[in-house]
Amino acid sequence: MSSSKVAASTPNGDGRRRSSMLSTMEQSLHSHFMSTLGLCSSMFTTFFILMSVFPYSGYMVLQLIPSTSKETAGVYAGFLSSSFMVGRGCSSYFWGQFADIYGRKIVLVIALVTCFIGSLVFGFSTSYAMAVTVRVLMGLGNGSFIAARTASSELAKGNKTLEAKGVGVLMSMVGYGMLIAPAVGGFLSEPLQQHPDNAWFQKYAGIFGRFPFLLPNLVASILAALSLFIVLLCVEETLPQPQRRSWLLIGNDFVRWVRKWCCMNRKQRRENRSLFKPATSIYVDESHDGKFNEEFENEFDLPRRSSEFVDAEEGWDDEFEEEWEEAEEILDSLEFVVAATMVASREDRRSFVKALHHEPAAPILENQARLASTSSGELFSNENTPLFSNRHKWVSAEDGKNDLAPVLQSLPVPKYRSTLKKSSTITDVSFQSKAGPTVREVMSKPRTRAFLISSWLYSFASVAQSEAFPLFAMAHPGQGLGLGESSIGMVGTISGLIYCIGQYFTFSMMMNRFGLVRSLRYGALFANLPIIVIPLSLYVRSGWTQIVFLSFLSGISMIFGSVYLGCNTIGANRTVDATSRATMNGLSSLGTSIGRGAGPIVAGFVVTGCMASGFFPPYYGGWVLYIILLAMGMLAYWSTLSISETEDDN
C-alpha cells in the first residue's frame with residue numbers, strides 16, 4: 001500500500017517541480033521583458049533628443065544668428081548639433097565608473113531628469129551661445145547609453161540567445177530615435193511658418209512666434225518624463241548588491257572625494273585611478289578603554305565616520321547589538337578577531353556595523369585576506385603575546401605563522417580584502433575595495449580594443465552622414481535639393497517605417513546565419529554603400545519620387561547600421577568580465593561621443609566647402625560630398641577586418 005502511494009505521489013511531485021520551474025522561468029522572462037522595456041524607453045528618449053535637432057539646426061542658426069545664410073549656416077549648425085555629444089564625451093568615462101559603483105539604474109534616472117529639464121530650457125533659447133551651452137550640459141549629465149548597453153547584456157544572465165534578442169531590440173531604439181526624431185523635429189519646428197492654417201498653432205502664436213523651436217523640445221521633455229516613470233517602475237538593477245553602494249551615499253562620497261583630491265599632490269592624483277574608491281578605517285586606542293582617538297583621525301586622514309559610516313548620535317539598541325555579533329562572525333570566518341573588537345565602545349561598534357551595510361563598491365576580486373606586517377616584518381609585537389582571538393581560543397604567534405596563512409588563503413568567499421596593522425596601542429582595521437580598471441587595462445586586450453576603435457569610427461561616419469543630409473537637402477537647387485523642413489522630415493518618417501519593418505528580422509537572420517563577426521562586417525559595409533547613390537536625386541524632378549528614393553536608401557542604411565551596432569555591443573561586452581563592463585562601455589561611449597561630436601562639425605565644413613565655396617560647378621558638389629562621406633564610412637568597415645572569429649561568436 002505504501003509503495004503504491006509513493007509511486008502515485010512521485011508523478012505529482014515531478015509535476016509540481018516542473019510547474020515550479022516553469023513559473024520561475026516565466027517570472028525571469030517577465031522581469032527581462034519589463035527591464036528591457038525600460039532600457040528601450042531610455043535609449044529611445046536619448047537618441048530622440050540627440051537627433052531631433054538635426055532637421056532644424058540650420059534654421060535655428062538662421063534665427064539666432066541673423067547674419068548667416070543657408071549656405072554659410074552649416075558650420076554653426078554642426079557645432080550646435082554636436083554640442084550634446086561633446087558634453088557626453090567629457091563625462092562618459094565618469095559615468096562608466098559611476099555605474100560600476102552605484103548601479104546602472106541610478107545612471108538612467110539622472111540622465112532622464114537631465115533630459116527633461118534640459119529640453120525645456122533649450123526650447124526657450126534666445127541666443128546661439130545659450131543653445132550650445134544647454135546642449136553641452138545635457139550631454140554632461142547623460143550616461144544612459146552606457147548603463148543601457150551594460151544592463152542589456154547582464155539581464156540575460158548568461159543566456160546568449162536572450163542576450164542577442166535583448167541587445168537587438170535595444171539597438172533598434174537607436175534607429176527608431178535617429179529616424180523618428182528628425183521627422184518629429186522637422187514637422188513641429190517653426191509651426192507658424194509651416195502650418196499657417198492650423199488653428200491650434202495660431203492660438204498660441206505669441207509663444208510659438210517668439211520660440212519657434214519650443215514644440216519639438218516640449219515633446220522631448222514629455223518623452224523623458226514617461227521614460228523616467230517606466231525606468232523607476234520596471235528596470236531591474238543588474239549590479240549585484242555586494243558590489244553596489246547605496247544611492248544615499250553619493251553626496252557624501254562626492255564631498256569626500258573633492259576634499260581628498262584637493263589635498264593630494266600630483267603623484268597621488270595620478271595613482272588615484274578611481275573617482276570614488278571607498279576606504280574605511282577604524283582606529284581604536286586600546287589604552288583608553290576602546291574610545292576613539294581623535295589624534296589619529298587627523299593623522300591618517302581616514303576618519304572613522306567616512307562616507308561608509310553614519311554618525312552614531314542616536315542611542316544603541318538591541319538591533320545593532322545583533323548586527324555587531326554578525327560582524328564578529330564575519331571576522332571569525334577568517335579565524336581571528338581583531339583585539340579592537342573586544343574593547344571597542346558601543347559608539348565605535350555602531351559606526352562599524354553601519355559600515356558593513358554599505359559594502360565596498362568594487363567586486364570581490366580576491367578570495368583571501370592580506371595581513372600587513374609591522375615595520376619589523378612581524379605580525380605580532382613579540383613571540384609570546386597573543387593578539388588575535390576567535391572568542392573560544394587564542395591563536396599564538398607560532399600557530400599563526402604556521403596555520404593562519406593557509407587558512408586565510410583557502411577561504412572561499414570573504415567579503416573584504418582586509419589589512420591589519422599593529423602600531424603601538426593603535427589597531428588599524430581597513431576595508432578597502434580595489435579600484436576599477438584603468439583605460440590602459442581595458443585597451444590592453446586586443447579584441448576589446450578592436451571593437452572599441454571600430455565603434456568610434458562608425459559613430460563618427462554615421463553622424464557625419466546624418467548631419468550632411470539635411471544640409472545637402474536644404475541647399476538651393478543645383479548644389480542641393482532645395483527641400484523644406486517638412487519634406488526632410490517626411491524622408492525620415494518613410495525611412496523609419498522601412499526600418500521598423502526590416503530591422504529586427506534582418507538582425508536575427510544575419511546573427512543566425514553568419515555569426516557575430518561576419519554580421520558585424522556586413523553591417524558596416526552595407527550601412528555605408530547606399531549613400532553613394534544619394535546624389536542621383538539631384539536629377540529626379542518629381543518631389544514624391546525624390547522623397548521615396550531617399551527614404552529607401554536611408555532605411556536600408558539604417559537597418560544595416562543597427563545590425564552593426566548590435567553586433568558591436570554584444571562582442572565588446574563578451575570581451576570583458578561583468579565587474580568592468582560598465583567601465584568599458586563608458587570608455588566606448590567616450591570615443592563614440594567624441595566621434596558623434598566631431599562628425600557634425602566635420603560634415604558642416606565639408607558641406608560648406610563642397611557646395612558654398614564655388615569651387616565645384618552645379619551638381620558636382622553633391623557627388624564630391626558623398627564620396628568623402630563614403631570614404632569615412634569605409635574606415636569603419638576596414639576596422640572590422642582586424643577582428644578575428646571565435647567559436648563563441650558563432
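The table for this structure:
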read-out: Of all residues making up region 482-508, the number that are in a helix (DSSP H, G or I) and either modelled with pLDDT of 90 or more or under 22 Å from Tyr59 (Cα atoms) (or both); value: 10
read-out: All helices (runs of 4 or more DSSP H) inside region 172-272 with 2 or more residues being of a type in the set (Phe, Trp, Tyr) and free of Cβ contacts under 8 Å to residues at least 24 places away in the same chain; value: 199-203, 250-263
read-out: Criterion: under 30 Å from Arg244 (Cα atoms) and either modelled with pLDDT of 80 or more or touching a helix residue (DSSP H, G or I) at 6+ places or on another chain (Cβ under 6 Å) (or both) - qualifying residue of Leu452, Leu516; value: Leu452
read-out: Looking only at region 54-81, and only at residues there that are assigned to a loop (DSSP other than H, G, I, E, B) and among the β-branched types (Val, Ile, Thr), the one that is surrounded by the most Cβ atoms within 10 Å (Cβ to Cβ); value: Thr68
read-out: Number of positions in region 29-82 that are among the small types (Gly, Ala, Ser), over 17 Å from Ser221 (Cα atoms) and in contact (Cβ under 8 Å) with a residue 12 or more places away in the chain; value: 10
read-out: Some residue of region 151-163 being in the same structural domain as Phe560 (by TED's automatic domain parsing), in a helix (DSSP H, G or I) and in contact with a Phe, Trp or Tyr (Cβ under 7 Å, 6 or more places away or on another chain); value: no
read-out: Qualifying residue in region 195-211 (condition: within 19 Å of Ile49 (Cα to Cα), more than 30 Å from the chain's Cα centre (by Cα) and not hydrophobic (A, V, I, L, M, F, W, C)); value: no
read-out: Failed criterion for Asn142 (all others in (1) in a helix (DSSP H, G or I); (2) surrounded by 21 or more Cβ atoms within 10 Å (Cβ to Cβ) hold); value: (1)
read-out: One residue from Ser613, Ser593, Ser580 being at pLDDT below 85 and over 17 Å from Leu452 (Cβ atoms); value: Ser613
read-out: Filter pass, Tyr102 being buried (at least 24 other Cβ atoms within 10 Å of the Cβ), out of contact with any strand residue (DSSP E or B) (no Cβ under 8 Å at 6 or more places or on another chain) and in contact (Cβ under 8 Å) with a residue 24 or more places away in the chain; value: no
read-out: Any hit, region 66-85, residues being aliphatic (A, V, I, L, M), at pLDDT 80 or above and closer than 28 Å to Tyr504 by Cα; value: yes
read-out: Residue match in region 460-481 (condition: among the charged types (D, E, K, R) and buried (at least 19 other Cβ atoms within 10 Å of the Cβ)); value: yes
read-out: Test: residue in region 96-115 that is over 17 Å from the mean Cα position of the chain (by Cα) and in the same structural domain as Ile501 (by TED's automatic domain parsing); value: no
read-out: Only listed residue being out of contact with any strand residue (DSSP E or B) (no Cβ under 9 Å at 6 or more places or on another chain), within 15 Å of Val107 (Cα to Cα) and modelled with pLDDT of 85 or more, chosen from Glu190, Glu236; value: Glu236
read-out: Boolean, Phe526 is assigned by TED's automatic domain parsing to the domain that holds Met178, within 17 Å of Ala636 (Cα to Cα) and surrounded by 17 or more Cβ atoms within 10 Å (Cβ to Cβ); value: yes
read-out: Hey, Ala147 in a helix (DSSP H, G or I) and touching a helix residue (DSSP H, G or I) at 6+ places or on another chain (Cβ under 8 Å) or not; value: yes
read-out: Test: Val439 is at pLDDT 55 or above and out of contact with any Gly (no Cβ under 8 Å at 6 or more places or on another chain); value: yes
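Yes or no, residue by residue, for (1) surrounded by fewer than 16 Cβ atoms within 10 Å (Cβ to Cβ); (2) modelled with pLDDT under 85; (3) assigned by TED's automatic domain parsing to the domain that holds Ile117; (4) under 30 Å from Val491 (Cβ atoms):
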residue: Ala183; (1), (2), (3), (4): no, yes, yes, yes
residue: Arg210; (1), (2), (3), (4): yes, no, yes, yes
residue: Leu215; (1), (2), (3), (4): no, no, yes, yes
residue: Ala220; (1), (2), (3), (4): no, no, yes, yes
residue: Val258; (1), (2), (3), (4): yes, yes, no, no
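The values are calculated or read from the model by the stated rules, or taken from the named source; none is laboratory data. Because the structure is a prediction, the values reported are computed rather than measured. For neighbour counting, all protein chains shown are included, and Cβ atoms are generated from backbone atoms with ideal geometry for every residue, glycine included.
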